[in-house]
1. Can you give the percent of C-alpha pairs in the range 212-253 whose distance is more than 11 Å?
2. Using the C-alpha atoms of the range 155-194, what convex hull volume per residue, in cubic angstrom, is computed?
3. Just to be sure I understand: if I project the alpha-carbon convex hull of the range 107-194 onto a plane and average over all orientations, what area do I get in nm²?
4. List the residues, sorted by chain then number, that are 5 or more residues from residue 120 or on another chain and whose placed amide H is less than 5 Å from its amide H.
5. Over its Cα atoms, what ratio of radius of gyration to 2.2 N^0.38 Å does the chain give?
6. Return the long-range amide H neighbours of residue 126 (sequence gap of 5 or more, or a different chain), with a cut-off of under 5 Å between placed amide H atoms.
7. Quick check: pseudo-label points 7 Å beyond the Cα along Cα→Cβ at residue 182 and residue 215, how many nm apart are they?
8. How large is log10 of I(q)/I(0) for the range 1-152 at q = 0.12, 0.14, 0.21 Å⁻¹ when the intensity is taken from the Debye formula with one equal scatterer per alpha-carbon?
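The values are calculated or read from the model by the stated rules, or taken from the named source; none is laboratory data. Keep in mind the model is a prediction, meaning the values are calculated, not measured. Here Cβ is always computed from backbone atoms with ideal geometry, including for glycine, and neighbour counts include all displayed protein chains. Each accessible area value is taken on the protein alone, full model and side chains, heavy atoms only, with ligands, DNA and RNA left out. Shrake-Rupley method; radii C 1.70, N 1.55, O 1.52, S 1.80 Å.
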Amino acid sequence: MDFPPPLIERLRTVRRIVVFTGAGVSAESGIPTYRDKLTGLWERFDPEDLDTRRAFKADPELVWGWYEWRRRNVMQSEPNAAHRAIAAMANHVPELTVVTQNIDDLHERAGSVAPVHLHGTLFQPRCIGCARPHALPPGMPDEVEQVVGYRLAPPRCGHCGGRIRPGVVWFGERLPRDVWRRADMAVRRCEVILCIGTSSVVYPAAELPLVAARRGAVLVQINPESTGLERVAQFNLAGQAGEVMPALFEAVWAQGQPG
Ligand code: OAD
């Protein structure tokens with residue numbers, strides 16, 4: 001794979017980089033993106049109808065079942081070559097921050113340290129009443145599908161008895177302030193931002209690459225499809241993240257190094 005020489009040169013000396021990821025980075029691990037049509041059990045649903053507080057209030061078992069099904073899917077998936085290349089880059093760049101819109105844990109499992117989860121995670125649910133965190137039992141949520149179809153009653157909070165809700169940001173909810181602050185600081189400081197596998201249509205997350213670009217960062221997009229970011233990106237690398245990212249890593253950092 002050939003990359004523009006000015007991009008390779010810039011990356012060789014970069015000190016502060018943000019890797020901004022969306023669902024596309026996990027697509028090759030088998031996790032559907034938000035623009036993919038749901039299949040199987042969930043065929044007749046639209047994520048935008050399930051991922052809201054109102055939906056959870058109206059039908060907690062449906063929404064909890066949906067998230068436990070997704071958690072199970074993630075637990076059965078493995079990080080792909082893009083997650084691994086991103087984790088490996090951190091050994092070569094003095095300051096690398098992963099800012100992800102994804103609620104899976106594939107960046108962490110590939111070795112990235114403390115990624116910023118803008119939209120929360122599947123693995124830290126909390127009480128809808130008192131907001132205390134709830135520890136999920138270890139292992140896979142087997143009951144989903146096998147025992148109860150797609151419906152599953154959410155556990156109850158050990159403290160106040162409220163229902164446990166997924167630890168994600170739903171449509172219409174604010175992003176947690178500390179999470180936003182970390183992401184915003186990183187994009188304001190970075191010299192390069194790599195935007196990987198995001199349609200860049202959901203705000204405020206989609207604002208972050210624009211902030212970086214306005215402050216002079218070089219914006220690089222990795223996506224097989226065209227998106228609105230194309231106009232602002234200095235470099236558009238059209239392709240699958242699992243192919244482009246390891247090749248980019250190889251071209252910039254791996255050549256001539258032992259091992
Ligand atoms: P989307 O599903 O909107 O977009 C996925 C992007 O990944 C698309 O632009 C695809 O072209 C691209 N893509 C697909 N396969 C790819 C691959 N193998 N390599 C690289 N790119 C690939 O996902 P997001 O942009 O992450 O929010 O969506 C943003 C937010 O919208 C989500 O976090 C979620 C959703 O509503 C909340 O839940 C709050």
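1. Working: 565 of 861 pairs.
Every Cα pair in the range 212-253 considered, those over 11 Å come to 66 percent.
2. Details: hull volume 4.9 nm³, N = 40.
Enclosed volume per residue, from the Cα hull, is 122 Å³.
3. Working: hull surface 32.7 nm².
Reported value for the Cα convex hull: 8.2 nm².
4. For residue 120, the qualifying residues are 169.
5. On the way: Rg = 19.1 Å, N = 259, 2.2 N^0.38 = 18.2 Å.
Cα-based Rg divided by the globular estimate yields 1.05.
6. 134, 165, 167
7. 1.7 nm
8. Results for the range 1-152 at q = 0.12, 0.14, 0.21 Å⁻¹ read -0.61, -0.79, -1.46.
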